[in-house]
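Values in this text are rule-based calculations from the coordinates and carry no lab data. The model shown is predicted, which means the values in this text are computed figures rather than measured ones. Here the Cβ positions follow ideal geometry from the backbone for every residue, glycine too, while neighbour counts run over all protein chains shown.
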Amino acid sequence: MGERTGRWGRRSLLRAAGLLTGGAAVGAAATAETAWIADRRLPISGGPASATLGNHQQDVGGGLVEVAWGVRTDERLIALTFDDGPLPQWTPMVLDTLDRYAVPATFFLVGSRARQHAGLLRGRLDRHEVGNHSWVHHDLARLDAHGAYDDLRRSHDAIVAATGRVPRLFRPPWGHLGGAALHAAARLNYRLVLWTLQMVEGQFPHDPAGHARRIVADVRPGTILLGHDVGTDDRLVALRGLPDMITGLRDRGYTFVTVSHLLGRAASV
């Protein structure tokens, strides 16, 4: 009798443990779903998905935001862009290469880094242009209209102070774009720039030349090419291959221009 009681006791315990485990799993899933909804701050009104602010007149500058991934053109033009800088380890390397080959580029700067490392940019942006890439590279698609605007405004002012240039372009971190970020971009009279083609450093470990050949083969007229002048060491593959990329594209008849120049050419054709 004692053995049977012990056996059923163990079964009961195992069954109870299973129920508890299953309940915990269900509870965790429910918590994750709740967190996801809360994170998105639904309902739409007043949250990051909303591109309007309240029921009053919208204070949105010119009232229009253009979004560009690239342009349609028969001209062999390419706009080279770099995100996330400046930082001392990488940005000077990129600027040195661009100077050596007389290539203009567009740098989407993180405002806090621009403020901290303004000396890296001073006197080195004559042929380049700058854009806003947020204050600390947070996901603006998770912020409401006030939060997105405050972030971009703070970054905007830091970029102006560091470079003497007024950014007119905006690229959201990771390309994440909520309605609130659109509203903030409109208030600052930004043009919103994404990209046509991104460097794929992870596919070419320790092979800068191979990575350069891949990009050269994939570029089409009107491409906006995304690179980074900040990151992990594997991204150095692209930067070390930048000379081969530049010469390879020039051999194909491409001319490097800033994003604003590229968008201007599209508007003129």
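Data overview
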| item | result |
| --- | --- |
| For the range 124-187, alpha-carbon Rg and Dmax in angstrom | 11.6, 36 |
| Highest average packing first - 102-111, 214-223, 117-126, Cβ atoms within 10 Å | 102-111, 214-223, 117-126 |
| Projected label distance in nm at Glu75 and Gln58, using a 7 Å step from Cα toward the beta-carbon | 3.2 nm |
| Cubic angstrom per residue, convex hull over Cα atoms of the range 46-164 | 131 Å³ |
| Square roots of five times the Cα gyration tensor eigenvalues for the range 158-269, Å | 28, 18, 14 |
| Evaluated at q = 0.10, 0.15, 0.18, 0.23 Å⁻¹: base-10 log I(q)/I(0), Debye formula over Cα of the range 102-216 | -0.34, -0.71, -0.92, -1.18 |
| Mean Cβ neighbour count within 10 Å, used as a protection proxy, ranking 161-167, 176-182 highest first | 176-182, 161-167 |
| Potential lengthening between Asp234 and Arg213 on full extension [0.36 nm per residue; Cα-Cα distance subtracted] | 5.9 nm |
